[in-house]
Structure formats: C-alpha cells, structure tokens
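This report concerns only the one structure given below.
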Amino acid sequence: MNSYAHGVSTTQLLGDTIGANLERAVANWPDREALVDVPSGRRWTYARLGAEVDELASALLASGVVKGDRVGIWAVNCPEWVLVQYATARIGAIMVNINPAYRTHEVEYVLRQAGISLLFASLSHKSSDYRAMVDEVRGGCPELREAVYFGHPSWDELLRRGGPGAVHPELSCDDPINIQYTSGTTGFPKGATLSHHNILNNGYFVGESIAYSEQDRICIPVPYYHCFGMVMGNLAATSHGACMVIPAPSFDPAATLRAVERERCTSLYGVPTMFIAELNLPDFASYDLSSLRTGIMAGSPCPVEVMKRVVAEMHMAEVSICYGMTETSPVSLQTRRDDDLEHRTGTVGRVLPHIEVKVVDPATGVTQPRGTAGELCTRGYSVMLGYWNEPGKTAEAVDPGRWMHTGDLALMREDGYVEIVGRIKDMIIRGGENIYPREIEEFLYGHAKIADVQVVGVPHERYGEEVLACVIPRDPANPPTLEELRAFCEGRLAHYKIPSRLRILESFPMTVSGKVRKVELRETYAQG
C-alpha cells in the first residue's frame, strides 16, 4: 500500500469567520468563563469577552485600520493579546505575530517586510524593553503610524476612540487574517500567511480530537505568538466554549502547575522540554493535578519516558501528540484520546479530518510504499495562502498540486500512523550510513544519568560526519562520561550509531516555540 492517507470525516469544515464563530460562542455560553489571567487575577465570561473584543474592534476602525491592514503584536502572553487576536479578525485586519525574543534588527525587518501600520506591544518583560526598541527602529519603518503598549495610557486612549454599534466590514472566511514569521535557521524568517478558514478549522478539529466541550479549562503556557498558543489554545477553546487559562507571561514550570491546581484545568499544553521541567520540580508531587484529563504535547519529538510520566503522574490519560508546522495552521497529524501508549509515543498520530498526507521520495517526488522513509507532504484546508510577498519562496514550499513539503523525514505505518524520523537536513550520514538522531535520542533517554538529550552530526575527516550527544544530566554534579554512554549503547545499537563525542550542557538553544535549535548545536560544537 502507498504512504498516502486522507482524513475522512462526517463532521463538516466550519465556513465561519473567526468573528462569527466567537459570536456563536458568546450566544451559546454567555455566562461561562472564557478567559482567566492567573497573574493579574482578571476573569472574563464569554459575554464580557465578546463585548471587549467588539470595543477594541470599533477602536481599531476609528483609528483608521481597514480590512487587509497589517497590525503587529510583539508581546508576551496576556489577556490583551487575546483581545487583539479576535478584534483584528473581527474587522479583517491581518495580525502579524512577532516573536517576543526578537531584537531591533529582527523587529525592524518584520515591521518593514509586512508593512505594519499599527503595533501592539508589551512595555517590557525580563531584559526586553520593547518601547525603547520600537523608538530605536521607528525611523526606518515609514508605514508604522502608531505604537500602543499594554498596561500603558496608550492602550486606554485607543479604546476611548471606539463607540457602540460600529459597522464591521463584510468578510470572507478565505481572507488572510494572520502572518506568522517562521523561525528560519538561515537568512531572514518568512511570513506564513493564514486565513480564517486555515486556523479556525485547525483549532476546531484539534479540539474535537481530544473531545473538548464547554466543560474544559485549558492551561496555555506555550507562547501566543506561535500557532500552538493562539490556534491550538485560543481557537480550540472558543470554538468549543472552553476556558483559556494564562498561567504566566512566559513559561514558568511552577506557575504552570499552580495554575492547573487553582483553576482546576482539564487540559495542559507544552513542548517536551516544558513537561520535563515540570516533572523535575523538587516539589512536583505536592501539586494537585487530579483535574487534568488531557492536553497536547507538540513542537518536537516526545520522549517515551517523559510521556509515560505525564500519563501516570500528571493524570493526563488522554494526552495527545500533535505534529505540524506554521505553514499548515499548524496541525496535520494527531494521536487520538484512546490510542495506546505505543502509538502515543512511537508516532505523531494519524491524519486529521479533511487533510491529506503522503510520504514521498525526496529526490523523485514519487509516493513511497508504507514502511519506507521519505519526505512528509500535506495538502488541504490547512495549507497557508503563501509566504507574505515572497512568491518564489512559496513556490519552493508548496508544489503545483498544492502539497506543502515539510522538510521532515517520515515513515507511514501499515495502520496509517506516522513516525517522524528526523529532518532531511538533520539526518547524519556517517561513512555512507543514514543515521536518524531521533532513534538514538529515544534510546539514550533510558540512561539513568540523562534528563534530556539531543543528537547531532558534526564533521569528521574520515567518515564525513560523526555522532555527537549533547546531554543535560539529571545531577549536574554527577554527569555521565562518554565511556559510560558508549558502554550503555554497546551491543544494543549498531556501532555506527553510538555517539563518539559527548557534550554536557545546562540547557539547549531553543526557538521561542520550544524547538531545539540543532543547527546551533552543530555549529557550536563542529570543531570539537
């Protein structure tokens, strides 16, 4: 059988705009809690959320923002982020998400490339003074008319411009509504442009897969600037009448577990490194997490041992693995709530409703037989409209058949479940042998001294590449040695897969969306 699967479903795609879908939630559940900001103690019912979204939408229209204008948001997680997301969608403005970790050079690029006319931003967070950085780059961004800061008089002043009964423009669900800059590892990032139809349906079907209802309360410690927070978090919640819970402005493991306990959250999100940080808290056992039933782990491969602990110790019996990319809104594959542990840890699930996936030979584009590795491609409602103002780069990623080429190496099992075996660029070729880092990482997680591990290829004169294991030890005072690591692998892994080099680290370089920057590990340790 070929490595092709199509998500057949009797549940129809939503034909709504995001604003119309929120209006339906407000009508259905006006008195249910929609949003809780744990740090400030503020709470919104659906009725209040709908009213404040309309108030902000009216203020934006009064400020001269029209359908198709780009409105930037450069901020950490907060309730105002949610209001901006829904208010811009309400009037057809295109919200441009800007990574809170960006500095002046990067933010100036995004402001100019997207042609942002109005920018919302945090005042500051940790070492970032956003206002000072905006002031520094403004001169080089002629289209930027106004900057509005959360928690600052400029926010209140903007809101005062709005009035009741503003006329909202006619919108199509296929209109562009969001630009997300993908964290490029080389060159400048590209702006994936997404429609109402792309992200509303993706949030809805991700929520359907884990049986969300108005009874659910979702703890969202992942960043809003990324699809994980704003689509799988917010849109999955509001399309089901569930509650969004913000535990902290940026990830804090203790604040996350406190929020789950106090707000009786039923669902918790995170990338694997977040769950590892939570499980490794010295007082982890003191938190009451018994309200949890489900959640989503995504962003990078999920280690088997971590998944077992999440199910057993965090009460997340129905936890789901999601796989996707910003360009596909983001999720294409997901495990289901009744999947066994092996499927939940050994695969990234099966195709979501109304989406197609296939695995192809990267050289020829021919669909591979099931069980054979190749490049994963996906097609359907979720594929982006394109990269903003970059038709050439769009054509490189999306082929004439509208298949999105992910750059990921995958293998489709006979039952349609998919394993990700690595990035095409991450694959290590040692003396002609293809090595997939994921396999070695999964194996090394079983070592008693290892808390987290990433495997990369580094240059080698004789073999072309050799295997480097970058390890975060469980006990920094007693890290594993290379000899211990090699002895652990001996006789259990093929000799060419056994790491020949070891680096002990305190942390890994990460993108803000929680992916380990393997390219940085390779570059840093290439010379030994």
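So here's what we get for this one:
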| item | result |
| --- | --- |
| Residue that is modelled with the lowest pLDDT, among those in the range 84-106 that are assigned to a loop (DSSP other than H, G, I, E, B) and open to solvent by less than 10 Å² (accessible area, probe 1.4 Å) | ILE98 |
| Options TRP74, TRP81, TRP44: the member that is more than 22 Å from the chain's Cα centre (by Cα) and closer than 23 Å to MET232 by Cβ | TRP44 |
| Residue in the range 493-503 that is open to solvent by 70 Å² or more (accessible area, probe 1.4 Å), within 30 Å of GLY270 (Cα to Cα) and touching a residue at least 12 places away in the same chain (Cβ under 8 Å) present | yes |
| Residue match in the range 287-306 (condition: β-branched (Val, Ile, Thr), touching an Asp or Glu at 6+ places or on another chain (Cβ under 9 Å), surrounded by fewer than 24 Cβ atoms within 10 Å (Cβ to Cβ) and closer than 25 Å to SER329 by Cβ) | yes |
| Pick from the range 107-125, criterion without any contact (Cβ under 8 Å) to a residue 40 or more places away in the chain and surrounded by 17 or more Cβ atoms within 10 Å (Cβ to Cβ), ranking: farthest from LEU144 (Cα to Cα) | VAL107 |
| Hits in the range 145-194 - residues which are in contact with a strand residue (DSSP E or B) (Cβ under 9 Å, 6 or more places away or on another chain) and either modelled with pLDDT under 90 or among the acidic types (Asp, Glu) (or both) | GLU146, GLU157, ASP174, ASP175, THR182, GLY184, PHE188, PRO189 |
| In the range 274-286, the residues that are of a type outside the set (S, T, N, Q), at pLDDT 95 or above and either open to solvent by 70 Å² or more (accessible area, probe 1.4 Å) or farther than 13 Å from ALA451 by Cβ (or both) | PRO282, ASP283, PHE284, ALA285 |
| Within the range 416-442, tally of residues that are touching a helix residue (DSSP H, G or I) at 6+ places or on another chain (Cβ under 7 Å), part of a helix (DSSP H, G or I) and over 16 Å from GLU342 (Cβ atoms) | 1 |
| Condition broken by ASN389, with the remaining ones in (1) polar (S, T, N, Q); (2) modelled with pLDDT under 90; (3) at positive phi satisfied | (2) |
| So GLU327, is it in a helix (DSSP H, G or I), modelled with pLDDT of 90 or more and open to solvent by 10 Å² or more (accessible area, probe 1.4 Å) | yes |
| Residues of the range 235-258 that turn out to be buried (at least 24 other Cβ atoms within 10 Å of the Cβ) and in contact (Cβ under 8 Å) with a residue 60 or more places away in the chain, as a count | 9 |
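The values are calculated or read from the model by the stated rules, or taken from the named source; none is laboratory data. Everything numeric here is computed off the predicted structure, so don't read it as measured data. Note: ideal-geometry Cβ built from the backbone for every residue, glycine included; neighbour counts use all protein chains shown. Quick note on the areas: whole protein, heavy atoms, side chains included, nothing else; ligands and nucleic acids left out. Shrake-Rupley method; radii C 1.70, N 1.55, O 1.52, S 1.80 Å.
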